[in-house]
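Working notes, beginning with the structure itself.
Nothing in this text is a laboratory measurement; each read-out follows from the coordinates by a stated rule. Note that the structure is predicted; figures quoted are calculated from it, not measured. Every residue, glycine as well, gets a Cβ built from its backbone with ideal geometry; the counts of neighbours run over all protein chains shown.
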């Protein structure tokens, strides 16, 4: 019972083209190996070199202090400001370059240069200070994907306030829970924001969430939706009034390397959300470093990460990482299928996107919608694709490679977490020969391994637990207000090893194959099977767009495989299809993985960041009521329909 059986077989390989490799930031396998070995064997020297590329107010005196495990301290004694690293350092050489290229869901467009963004952030920061917001205060940000969201984040960083961004689709109850846990004293929001053709009343949600919380003395409101809002003249202030008379320069607050930068809440399976704490220097060095190498950014790139800033992907790869590298970042306010199914590809063509980073769930949605929505747009400027979130099924990877990338774009399939702060396992696009479905190898500075329940490293092609054996700069520094939970959640199992909570295997080439959350492993007649691998087998069938697999109790086998499948629109849903899919899985990966039950559904319950909520599907499969935190579910009606179909 010490291992997870791997039953997925994938032999296809895609090396970078000679043209891509020739122009890449890193293009030599030997150089990657040299840098990786240095980063593991002499991390002080390696990370000193990376950090030395950035402008410090005061230098650090020690790279790493790991004496108070499991809390690491990086770049001890250094002084810096995250906002200055993203803005001020570019003014001389890139002041007139577009920093943020934004499009709203209705089609309105704004282009903001680095010089303009610096001025706007400075005015915002000065306005917050005028309202009494100071270093160390917590500020909750609850906004749509508009430029002022990035400005709010950077304005907080500029004055040393700790930002807590909450995705603008969360309920007032979920927002209140995060405000109370963080002890927030100010909020930044909008009257409303566009989503799927409608205005979401964000100010109304904030008003409800802070009712009776006297500590919130200021609510800044950006005018976006033009919807009516309630107004408290003592507490509420329009953003345009806040910044109207403020100077366009705000000296950045010197921050200690280990001063908190932000709190970001992530849900556990039960109980209250966890407030992941990231500090300033280590996080910024990690975000800068990973963005530089993974996305191979060039001066003329138009880079688009489709995530929301309300998630860690948006923090690291919309705001801090790309702006620290001086990139042009596309931001989009709306949904990927509004007002039509080809919206993302229309935007790629319109704005000349060259680097595109999205989630496997979105890719599977696009597969279901059909190739024609992609093919009607000119995507010839795309040169690099990426995926983030859940492990990507090999067949979805192949569709992405073929239909979106035109078989010419490398794909960086990245593995990381809110807790890690940045990308940990990933192809390097000018070096790595990719395999569909594999995140490939650790990024420089990441000592990843696959171990059994006792912490012993497993040989190749043995599924086990994914751990990180050495500290890395962008690692979380704790859970806000709950260090005991931090130690218990991430460190109790293996002591000095960070346990990611994911299962994985490493193949004979040293490539990592993420097998999903360990909680999602199914034990069938003594065989521990990865749900991701069974899902990949289902998705490889020509009539399956998406699948999620969970285990349910079975008197004979211990657990039985229950699959929830979304078929394409061209097929008749009946017992014949059900039997064909069961046989397909048996042929692909063996009879032991044949589902005992297949349920057809038009949609799966997902978080607002696109991850399938398998714990809810386990409840449906077992026929029990759902408990625990459901604040992150995107559409409760999906769960209700699944329960209706079961009755």
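Taking the C-alpha atoms only, the angle from helix 280-294 to the longest principal axis of the chain is near 50 degrees.
Computed from the alpha carbon atoms alone, the convex hull of the chain holds 148 Å³ per residue. By the count of neighbouring beta-carbon atoms within 10 Å, fewest first, 228, 575, 447 end up ordered 575, 228, 447.
Roughly what % of Cα-Cα distances in region 115-253 sit above 28 Å, to the whole percent? Cα-Cα pairs of region 115-253 separated by over 28 Å account for 10 percent. For the Cα atoms of the chain, what angle does the longest principal axis make with the long axis of helix 114-130, in degrees from 0 to 90, nearest 10? For helix 114-130, the angle is close to 70 degrees. Counting neighbouring Cβ atoms within 10 Å and putting the fewest first, the residues 591, 435, 272 line up as 591, 272, 435. For the chain, the mean residue ellipticity at 222 nm estimated from helices alone is -8500 deg cm²/dmol, where every DSSP H run of n ≥ 4 contributes -39500 (n - 2.57) and the total is divided by all residues, rounded to the nearest 500. Here r is the Cβ-Cβ distance between residue 245 and residue 173 and R0 is 35 Å; the resulting FRET efficiency, rounded to 0.05, is 0.40. Distance between the C-alpha centers of region 65-107 and region 278-320? Whole Å please. Value for the Cα centre distance between the two parts: 9 Å. Normalised by 2.2 N^0.38 Å, where N is the number of residues, the C-alpha radius of gyration of region 172-251 stands at 1.16.
Modelled spin labels at residue 93 and residue 407, positioned 7 Å past Cα toward Cβ, are 3.9 nm from each other.
With a 10 Å radius around each residue's Cβ, average the other Cβ atoms per peptide and rank 487-494, 508-515, 181-188, highest first. The partial results should precede the final answer.
Details: 487-494: 15.8, 508-515: 18.6, 181-188: 22.6.
Peptide ranking by packing, descending: 181-188, 508-515, 487-494.
Peptides 299-306, 201-208 ranked from most to least packed, by the mean per-residue count of other Cβ atoms within 10 Å: 201-208, 299-306.
Taking the DSSP bridge list for the chain and keeping only pairs wholly inside it, about 60 percent are antiparallel. A Förster radius of 51 Å combined with the Cβ-Cβ distance from residue 507 to residue 208 puts the calculated FRET efficiency at roughly 0.50. Taking the DSSP beta bridges in region 184-338 as the whole, what percent of them are antiparallel, to the nearest 5? Antiparallel: roughly 45 percent of the beta bridges in region 184-338. Between helix 360-369 and the chain there is an angle of about 70 degrees, using the helix long axis and the longest principal axis of the Cα atoms. With the simple model of a label 7 Å out from the Cα in the direction of the Cβ, residue 76 to residue 542 spans 6.4 nm. Spin-label pair residue 482-residue 375: with each label point 7 Å from Cα along the Cα-Cβ axis, the two points sit 5.0 nm from one another. When you count the other C-beta atoms within 10 angstrom of each residue and take the mean per peptide, 44-57, 99-112 line up highest first as 99-112, 44-57. Here residue 571 and residue 453 are evaluated by their C-beta separation; at R0 = 35 Å the FRET efficiency comes out at 0.25.
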